[in-house]
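> So that we are looking at the same thing, I have put the structure below in structure tokens.
The values are calculated or read from the model by the stated rules, or taken from the named source; none is laboratory data. These figures come from a predicted structure and were not determined experimentally. With ideal geometry, Cβ positions are generated from the backbone for all residues, glycine too; neighbour counts draw on all protein chains shown.
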Amino acid sequence: MSLTLKSAQLVISGRALRGIYMDNYDCIVIGAGPAGLTAATLLARSGMDVIVIERGEYPGAKNMFGGVLYSRGLEEIFPEFWKEAPVERPVARWVISFLNADSSFSIDYKSRHYSKPPYNAFTVLRSKFDRWHAQKAEAEGVTLVTKTTVLDLIKDNGVITGVKTDREQGDLFAPVVIAADGVNSIVKRNSILGKDLVLDEVSLGVKEILALPEEDINRNFSLSDGEGMARTFVGAATDGVPGGGFIYTNRESISIGVVVKPGSLIEKKVSPEDLLDNFKNHDLVKPIVKNGVRREYSAHLIPEGGSAERNLYADGLIAAGDAAGFTLSTGFRTEGVNYSIMSGAAAAEAVKSAGKKNDFSAKSLSVYVKLLKDYGLLSDFKKHKNAPEFFKNPRLYETYPDLICKVADDIFTVLPGPKDGIFTKLKKSMKGRISWFRIIKDCLAGWRAIL
């Protein structure tokens, strides 16, 4: 435990800090996830006094995601982080599978260079990874306080001056606050940026971690030692409910889950737990997970589509990560943690820029938007702005997966007599189910949304 004297106040730094801390900082960060820890690390690295408030018992205790971390953004902050970070496996194989009741049709891509530095992506477990990330932040001088909830913003004549916490005498003060406290951000909702969550604008992810021996994982998923796989499922994986299933391989466990629209669950009167159980028991999934022992169950709301630019900053406040809606699904992949890291880096740069002018007004912090554009983040969301609406189409989860599987079944089934061509087989499978006009219209909508 290191003690220093600053402004006649006692400062207890690092992980030893749990109950006593100074009440004035250069910046307060809410949430010890990838966005908050990235922002705090970069601010502390520049010499600013930063405190991170985390409601969980430890960083990662309440954080959940599917399991894939795209590495390039974090590698710029911590070069060759994989040499010390608790990553699971580099993802060398990507699979998209369309399911009906008893068949699957998969697009399978595997590349050896994904298993070599600088790596494209890793599977990670947040309970381990976020603690490592927090330790790196503390090594830069960040003050971390856990088991503490931020209740509200403190304002003076409308200007944000700090936050209220649930600790006794827990008011903290700073000229700027970074809200990185997740999709259901209390801080953002209690500011001029906020609004209540709308079911149509979020998805619900439920996940289990199943322990499996490393050799079983390699055999079941056709992997070599040190290789990982990310596999997504569409169709029977969610019994026609808009969404999909996923399986990610860790070192000695797999992450398996489903992501669905909450409104559809209510409409179809089905629970996410039932959907996950049905997915695990599908004839084509059950054999590869049957020996897994459940070690963890979690659920998480997932934002969709990002926030409008005007909802990203205000006087003395910036929203980053899930609090800003920075999660994007394009059908081929879902990105969230890498956007959180990039938005955290952009938030730090915006705060440093404002600090040089000693001006944390909305006008000064608006440079945040330019920085997000420079990182390419906002352009991604603009390009795929129609994706959330496109993925509400029920035919994506019922008609098309079944049609793909039935056509594949016809192609590979050999019967006596003349053979029909693929086009004829497709027309027979479409009859009474869907028209060419509808297929073309859906394809054009998909082109605009995800390509």
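> Please find, within the range 393-412, the residue that is modelled with the highest pLDDT out of those that are of a type in the set (F, W, Y) and in a helix (DSSP H, G or I).
To start, the set of residues in the range 393-412 that are of a type in the set (F, W, Y) comprises 397, 400, 412.
Restricting the remaining residues to those that are in a helix (DSSP H, G or I) gives 400, 412.
Details: Y400: 94, F412: 91.
Among residues in the range 393-412 that are of a type in the set (F, W, Y) and in a helix (DSSP H, G or I), the one modelled with the highest pLDDT is Y400.
Yes/no per residue for (1) more than 27 Å from K207 (Cα to Cα); (2) of a type in the set (K, R):
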| position | (1), (2) |
| --- | --- |
| A314 | yes, no |
| A323 | no, no |
| G344 | no, no |
| A348 | yes, no |
| K383 | yes, yes |
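> Which strands (runs of 3 or more DSSP E) sit wholly inside the range 38-104 and have at least 3 residues that are acidic (D, E) and farther than 23 Å from E296 by Cβ?
On the way: elements: 50-53, 68-70, 87-99.
It comes to none.
Okay, residues lined up against (1) crowded, with 18+ Cβ neighbours inside 10 Å; (2) out of contact with any helix residue (DSSP H, G or I) (no Cβ under 6 Å at 6 or more places or on another chain); (3) not assigned by TED's automatic domain parsing to the domain that holds Y114:
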| residue | (1), (2), (3) |
| --- | --- |
| D216 | no, yes, no |
| N220 | yes, no, no |
| S224 | no, yes, no |
| F233 | yes, yes, no |
| A237 | yes, no, no |
| Y248 | yes, yes, no |
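> Given I450, I404, I434, I439, which one is touching a strand residue (DSSP E or B) at 6+ places or on another chain (Cβ under 6 Å), surrounded by 11 or more Cβ atoms within 10 Å (Cβ to Cβ) and closer than 22 Å to G243 by Cα? It would help to see each step written out before you state the result.
On the way: I450 fails: touching a strand residue (DSSP E or B) at 6+ places or on another chain (Cβ under 6 Å); I434 fails: touching a strand residue (DSSP E or B) at 6+ places or on another chain (Cβ under 6 Å); I439 fails: touching a strand residue (DSSP E or B) at 6+ places or on another chain (Cβ under 6 Å).
After applying the criteria, what remains is I404.
> With over 30 Å from D402 (Cβ atoms) and at pLDDT below 95 as the only criterion, which of D102, D23, D49 stands out?
Numbers: D102 fails: over 30 Å from D402 (Cβ atoms); D49 fails: at pLDDT below 95.
Going through D102, D23, D49 in turn, the sole match is D23.
> Please list, ordered by residue number, the helices (runs of 4 or more DSSP H) wholly in the range 277-392 having 2 or more residues that are under 30 Å from E215 (Cβ atoms).
Details: elements: 286-289, 337-357, 362-365, 367-374, 377-383, 387-390.
Hits in the range 277-392: 286-289.
> Moving on to the next point. Any residue at all in the range 415-429 that is out of contact with any Ser or Thr (no Cβ under 9 Å at 6 or more places or on another chain), part of a helix (DSSP H, G or I), at pLDDT below 90 and among the polar types (S, T, N, Q)?
First, pick out the residues of the range 415-429 that are out of contact with any Ser or Thr (no Cβ under 9 Å at 6 or more places or on another chain): 415-429.
From what is left, the residues that are part of a helix (DSSP H, G or I) are 422-429.
So of that shortlist, the ones also at pLDDT below 90 come out as 422-429.
With among the polar types (S, T, N, Q) added as a condition, the list becomes 424, 429.
Within the range 415-429, one or more residues are out of contact with any Ser or Thr (no Cβ under 9 Å at 6 or more places or on another chain), part of a helix (DSSP H, G or I), at pLDDT below 90 and among the polar types (S, T, N, Q).
> Would you pick out the residues in the range 149-160 that are surrounded by fewer than 19 Cβ atoms within 10 Å (Cβ to Cβ) and touching a residue at least 60 places away in the same chain (Cβ under 8 Å)?
Of the residues in the range 149-160, the ones surrounded by fewer than 19 Cβ atoms within 10 Å (Cβ to Cβ) are 149, 151-152, 154-159.
If the condition is that a residue be surrounded by fewer than 19 Cβ atoms within 10 Å (Cβ to Cβ) and touching a residue at least 60 places away in the same chain (Cβ under 8 Å), then T149, G158, V159 are the ones that fit.
> Moving to a separate point now. Would you mind finding the one in A362, A354 that is in contact with a helix residue (DSSP H, G or I) (Cβ under 6 Å, 6 or more places away or on another chain) and assigned by TED's automatic domain parsing to the domain that holds G47? Show your work before the answer.
Numbers: A362 fails: in contact with a helix residue (DSSP H, G or I) (Cβ under 6 Å, 6 or more places away or on another chain).
Answer to the check: A354.
> Check off (1) in the same structural domain as L37 (by TED's automatic domain parsing); (2) surrounded by 24 or more Cβ atoms within 10 Å (Cβ to Cβ) for T330 and give me the number that stays unchecked.
T330 satisfies all of (1) in the same structural domain as L37 (by TED's automatic domain parsing); (2) surrounded by 24 or more Cβ atoms within 10 Å (Cβ to Cβ) except (2).
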